[in-house]
Amino acid sequence: MTLNGIWTIDNKKDVKLLRKKVADFDFKKYSRKDIQELLKKMREAMKKANGVGLSANQIGLDLKVFIAQVEGKFYAVFNPGLTKVSEEKLGMEEGCLSVPEIFGSVERPARVTLEGWDKNGKKLKIKAWGLLARVFQHEVDHLNGGIFIDKATDLHRYEKTEEHKNKET
């Protein structure tokens, strides 16, 4: 586990949950306050790690929920699933908070339709393209036990300079 509380593939215990299809989120088991606290915890961890998306299993929780912040808009999606994906694919470099300092090119559908539920248990349907579509697919993969390195080509390491490391602490 990193300083930010993000589980990584470097730890054998962490890998077990990161590679597992997580359990559906049962709204009946959690109060509104519990859900707010969960989202706050996830948002803080994502922000500290300078991420754009985070799945619950990346902080050690066996729950089917992810958050994302893209172009200033915050998303929290419970029990998400991709219901439509475009035939058109785009390749782009990706990284992952659970795979520190490793990047690679991943080809994914350019447009997707994501369905799930919001924090109040209300049904959601979001049509996404560009970076948002990519983040949604990356996070849904996490919840199904997948990690971007499974699909990536041209994997390479990007080590943080001392200047970047100092800014994060």
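Assorted remarks:
- The set of residues from segment 73-90 being exposed (fewer than 12 other Cβ atoms within 10 Å of the Cβ) and touching a helix residue (DSSP H, G or I) at 6+ places or on another chain (Cβ under 9 Å) comprises LYS73, PHE74.
- ASN50, sole failed condition from (1) at negative phi; (2) not in a strand (DSSP E or B): (1)
- Some residue of segment 139-147 being part of a strand (DSSP E or B) and in contact (Cβ under 8 Å) with a residue 40 or more places away in the chain: no
- Candidates ASP10, ASP62, ASP14, ASP24 - the one that is assigned to a loop (DSSP other than H, G, I, E, B) and touching a Phe, Trp or Tyr at 6+ places or on another chain (Cβ under 9 Å): ASP24
- Note on segment 90-135: residues that are part of a strand (DSSP E or B), in contact (Cβ under 8 Å) with a residue 12 or more places away in the chain and charged (D, E, K, R) total 9.
- Of the set (1) part of a loop (DSSP other than H, G, I, E, B); (2) in contact (Cβ under 8 Å) with a residue 24 or more places away in the chain; (3) among the acidic types (Asp, Glu), all apply to GLU87 but (2).
- Only a single item in (1) of a type in the set (Ser, Thr, Tyr); (2) surrounded by fewer than 17 Cβ atoms within 10 Å (Cβ to Cβ); (3) under 18 Å from HIS142 (Cα atoms) is not met by SER31, and it is number (3).
- Subset of segment 56-72 that is surrounded by fewer than 19 Cβ atoms within 10 Å (Cβ to Cβ) and touching a helix residue (DSSP H, G or I) at 6+ places or on another chain (Cβ under 8 Å) - its residue that is farthest from GLN36 (Cα to Cα): GLU71
The numbers here are math on the coordinates, done by the rules we state, and not lab data. Fair warning: this is a prediction, and the values are worked out from it, not measured in the lab. Don't worry about glycine lacking a Cβ; one is built from the backbone with ideal geometry, like all the others, and counts go over all protein chains shown.
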